[in-house]
Amino acid sequence: MVGSQMTTGSAPATGGRLGGRDLINIGIYAALYCVAMTVVGIFGYIPIVMFLLSVLCPLICGIPFMMFMTRAKKPGMILIFNVLAGLFMWLTGMGFYTPLVSVATGIAAELVWRAGGYRSSVAAVLAYAVLSVFIVGNYLPFFLDPSYLSSTGQKIGQGYVEAIRPFLQGWLIPAEAVACFVSGLVGGLIGRSVLRRHFQKAGIL
């Protein structure tokens, strides 16, 4: 197991099939997470900030996600959460690669959380860092869709395109992936610190 564990009487039960209450929790916290990402994403209209979203989003969204982790006691909850976040990004115009990446990172985060027995705060933080890498999907259209850059210019302005063009190099995707992961670790640690009492009630130590 990863990290220390403790079972308390007030801790949610682990394992089993997802029920209606689990789905409601997923929906509520996924909505909070997406709202937080939207607030941060507004600043993406500033060219240089657009590439910093891989740092800012995991930092800011760590608290709502770690709150969700006090409820994520069954297999599949993190995966569904991340797929919903990826679909939200797609619906807001970030391309269909993001939900595809969210499936892969969601599965990886599920495995990390399972390795922690659904009760390890270390696994919770690590799972969040892994999950956060799905944000890289937002940048993939610039490299995989030849028309994406021109359509971005039509929507936002050619000046914006010219400002971000120098950053569209081969090193960008791996650099953004590392930034997402590291920032996710920091954001997860911040969330765990802020929500320490909630973690204890949920039996996550």
Whether any residue in the range 159-175 is within 28 Å of MET69 (Cα to Cα), among the hydroxyl-bearing types (Ser, Thr, Tyr) and crowded, with 16+ Cβ neighbours inside 10 Å is what I want to check. no
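Out of THR98, THR70, which single residue is modelled with pLDDT of 90 or more, surrounded by 17 or more Cβ atoms within 10 Å (Cβ to Cβ) and within 23 Å of PRO174 (Cβ to Cβ)? Before you say what the answer is, go through the steps one by one.
On the way: THR70 fails: within 23 Å of PRO174 (Cβ to Cβ).
The unique qualifying residue is THR98.
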Kindly list the number of the only condition in (1) farther than 18 Å from ARG192 by Cα; (2) out of contact with any Pro (no Cβ under 8 Å at 6 or more places or on another chain) that fails for TYR97. (2)
For the range 141-158, name all the residues that are surrounded by 12 or more Cβ atoms within 10 Å (Cβ to Cβ) and in contact (Cβ under 8 Å) with a residue 40 or more places away in the chain. PRO141, ASP145, TYR148, ILE156
Scan the range 146-205 for residues that are among the aromatic types (Phe, Trp, Tyr) and closer than 24 Å to ILE63 by Cα and jot them down. PHE181, PHE199
Looking at the range 93-119, I want the residues that are basic (Lys, Arg) and have a partner that is in a loop (DSSP other than H, G, I, E, B) and surrounded by 18 or more Cβ atoms within 10 Å (Cβ to Cβ) with Cβ atoms under 6 Å, at least 6 apart or on another chain. Which pairs are those? ARG119/GLY203; ARG119/ILE204
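The values are calculated or read from the model by the stated rules, or taken from the named source; none is laboratory data. Bear in mind the structure is a predicted one, so any value in this text is a computation, not a measurement. Cβ coordinates were reconstructed from backbone atoms using ideal geometry, including for glycine residues, and neighbour counts include every protein chain displayed.
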